[in-house]
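The values are calculated or read from the model by the stated rules, or taken from the named source; none is laboratory data. Computed from a prediction, not measured in an experiment: that's the story for all the values here. Neighbour counts are summed over all protein chains in view; Cβ atoms, including those assigned to glycine, are modelled from backbone coordinates with ideal geometry.
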Ligand code: ADP
């Protein structure tokens with residue numbers, strides 16, 4: 001079944017998605033990574049995206065939908081997708097439902113990682129992402145893992161938008177645009193809220209329990 005991991009930026013969605021991918025053989029679909037990968041692949045769509053991003057413009061819903069459909073219709077990923085950081089607003093939530101219905105799929109679980117802004121600030125300020133394997137580590141909490149990172153520590157980079165001012169702006173955007181998405185999903189029986197302030201391993205265990213059901 002497909003899963004939505006939902007929560008503010010820095011809640012730990014990417015971190016948990018990595019574990020689910022390994023343990024349950026899932027495909028992590030983050031629209032940010034999807035867009036960046038398309039640019040890396042040098043496709044026609046990729047150069048269109050690159051131009052928009054480098055001019056500071058938003059990528060249109062049309063482009064995001066095109067990429068979403070490519071993944072949803074890929075038989076390798078059928079019913080094994082973790083949506084990480086998507087949908088971000090109610091329009092996208094409705095759109096996702098339409099696309100999934102069209103291809104006879106659905107969302108099996110919506111997991112909400114709830115974390116306060118205080119904690120998020122600390123996590124995002126220390127976040128390092130590998131530009132090869134997309135693994136996320138934290139400069140404050142994962143010093144050893146960073147040193148031993150298989151792709152080489154030099155590939156772990158801070159994202160340009162991970163600074164305090166931007167973090168606050170992103171959190172505010174989340175509160176206004178993304179939180180209504182919660183109301184959209186909360187009424188469903190397959191919705192679960194997890195305390196995202198817990199330790200990484202504890203959260204992983206809770207998610208594993210949910211996925212067993
Ligand atoms: P998101 O994908 O929700 O934006 P990330 O998974 O990238 O969040 O996590 C943000 C930062 O917080 C990363 O540096 C990550 O290593 C760290 N982190 C994630 N989950 C936890 C946790 N439960 N406790 C402590 N740090 C965490």
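Here are a few things to note about the model shown:
- All positions within the stretch 1-39 that are more than 15 Å from the ligand (Cβ to nearest atom) and assigned to a strand (DSSP E or B): 2, 27
- Verdict on residue 72 being farther than 27 Å from residue 110 by Cα and more than 12 Å from the ligand (Cβ to nearest atom): no
- Any hit, the stretch 40-55, residues being within 21 Å of the chain's Cα centre (by Cα), part of a helix (DSSP H, G or I) and closer than 24 Å to residue 26 by Cβ: yes
- The single residue among 46, 56 that is over 27 Å from residue 110 (Cα atoms) and surrounded by 13 or more Cβ atoms within 10 Å (Cβ to Cβ) turns out to be 46.
- Inter-residue pairs, beta-carbon under 6 Å, first closer than 15 Å to residue 163 by Cα and more than 6 Å from the ligand (Cβ to nearest atom) and in the stretch 122-145, second at pLDDT 90 or above and part of a strand (DSSP E or B), 6+ apart: 128/137; 128/156; 129/136; 139/128
- Condition check for residue 172 on (1) within 14 Å of the ligand (Cβ to nearest atom); (2) under 16 Å from residue 11 (Cα atoms); (3) within 18 Å of the chain's Cα centre (by Cα): one failure, at (1).
- Taking the stretch 1-20 as the range and being within 20 Å of residue 138 (Cα to Cα) and loosely packed, with under 15 Cβ neighbours inside 10 Å as the test, no residue passes.
- Looking only at the stretch 155-164, residues that are within 13 Å of the ligand (Cβ to nearest atom) and either within 15 Å of residue 9 (Cα to Cα) or part of a helix (DSSP H, G or I) (or both) come to 4 in all.
- Tally of residues being within 15 Å of the ligand (Cβ to nearest atom) and in a helix (DSSP H, G or I) across the stretch 192-213: 9
- Restricting attention to the stretch 105-119, the residues that are farther than 16 Å from residue 187 by Cα and within 12 Å of the ligand (Cβ to nearest atom) total 4.
- Some residue of the stretch 183-191 being within 15 Å of the ligand (Cβ to nearest atom) and either exposed (fewer than 12 other Cβ atoms within 10 Å of the Cβ) or touching a residue at least 12 places away in the same chain (Cβ under 8 Å) (or both): no
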